[in-house]
Amino acid sequence: MTEADHARGTEPRLALLLATNGGLGLAPVASGTFGTLAGIPAFWLLSHLGGFLYTLAWLLLLVIAVRVSDRAGRYYGVADDGRIVIDELLGYLVTVALLPFSWTAAILGFLFFRLFDIAKLPPASWFDREMKNGLGVVLDDVAAGIYAALALRFCLAIFT
């Protein structure tokens, strides 16, 4: 944490721990890419659940992500601070939602998600530009995850 971060008040340790995916968002470069890495073990864990439980777990993570992203953004003084990467986890989990775990799906999903997260196609660009709060931070990655899910499923259907 920088001095400016500490000057903003009490450090919300749990919110920052969650918002940074256990510290992955603190990587000095490509924090979003490092933050997305948390999605691979989460995909493996959630892939063992049925569709209903996967969806329920994802919705719970969505609520948590919006809250901690908002709290961390206020603490850092920037709604979508680069250290906040829990949104990447949510977006990646959209990309691989309801697929059985395989390394092919995990890695292709990772690559497609990063591509669409960086590209910020509409409506992701709108959420990123217009919604400067936890919900906007998360929704732009959910939108990228939907694009990535379509690309992933197309590739899996064609090549496997």
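Entry remark, the stretch 121-135: residues being in a helix (DSSP H, G or I) and over 15 Å from Asp70 (Cα atoms) number 4 in total. Applying the condition of being open to solvent by 60 Å² or more (accessible area, probe 1.4 Å) and either among the charged types (D, E, K, R) or at pLDDT below 95 (or both) to the stretch 10-27 and asking which residue is nearest to Leu108 (Cα to Cα) yields Arg13. Kindly indicate the residue of the stretch 98-117 that is in contact (Cβ under 8 Å) with a residue 24 or more places away in the chain and either under 14 Å from the mean Cα position of the chain (by Cα) or under 25 Å from Ala15 (Cα atoms) (or both) and also most open to solvent (accessible area, probe 1.4 Å) among those meeting that condition. Only one residue fits best here, namely Leu115. In contact with a Ser or Thr (Cβ under 7 Å, 6 or more places away or on another chain) and not polar (S, T, N, Q) - does that describe any residue in the stretch 115-129? Scanning the stretch 115-129 turns up no residue that is in contact with a Ser or Thr (Cβ under 7 Å, 6 or more places away or on another chain) and not polar (S, T, N, Q). Within the stretch 79-96, is there a residue that is of a type outside the set (S, T, N, Q), over 13 Å from the mean Cα position of the chain (by Cα) and open to solvent by 50 Å² or more (accessible area, probe 1.4 Å)? Checked the stretch 79-96: no residue is of a type outside the set (S, T, N, Q), over 13 Å from the mean Cα position of the chain (by Cα) and open to solvent by 50 Å² or more (accessible area, probe 1.4 Å). Taking the criterion of being surrounded by fewer than 24 Cβ atoms within 10 Å (Cβ to Cβ) and within 18 Å of Pro100 (Cβ to Cβ), the only residue of the stretch 131-149 that qualifies is Ala149. With respect to the conditions (1) among the hydrophobic types (A, V, I, L, M, F, W, C); (2) open to solvent by 30 Å² or more (accessible area, probe 1.4 Å); (3) modelled with pLDDT of 95 or more, Ala7 falls short on a single one, namely (3). Each residue in the stretch 53-72 was checked for being surrounded by fewer than 22 Cβ atoms within 10 Å (Cβ to Cβ) and in contact with a Gly (Cβ under 9 Å, 6 or more places away or on another chain), and 4 pass.
The values are calculated or read from the model by the stated rules, or taken from the named source; none is laboratory data. Since the structure is predicted, the reported quantities are computational estimates derived from the model, not experimental observations. Reconstructed Cβ throughout: ideal geometry from the backbone, glycine too, with neighbour counts over all protein chains shown. Areas reflect the complete protein model, heavy atoms only, side chains present, ligands, DNA and RNA absent. Shrake-Rupley method; radii C 1.70, N 1.55, O 1.52, S 1.80 Å.
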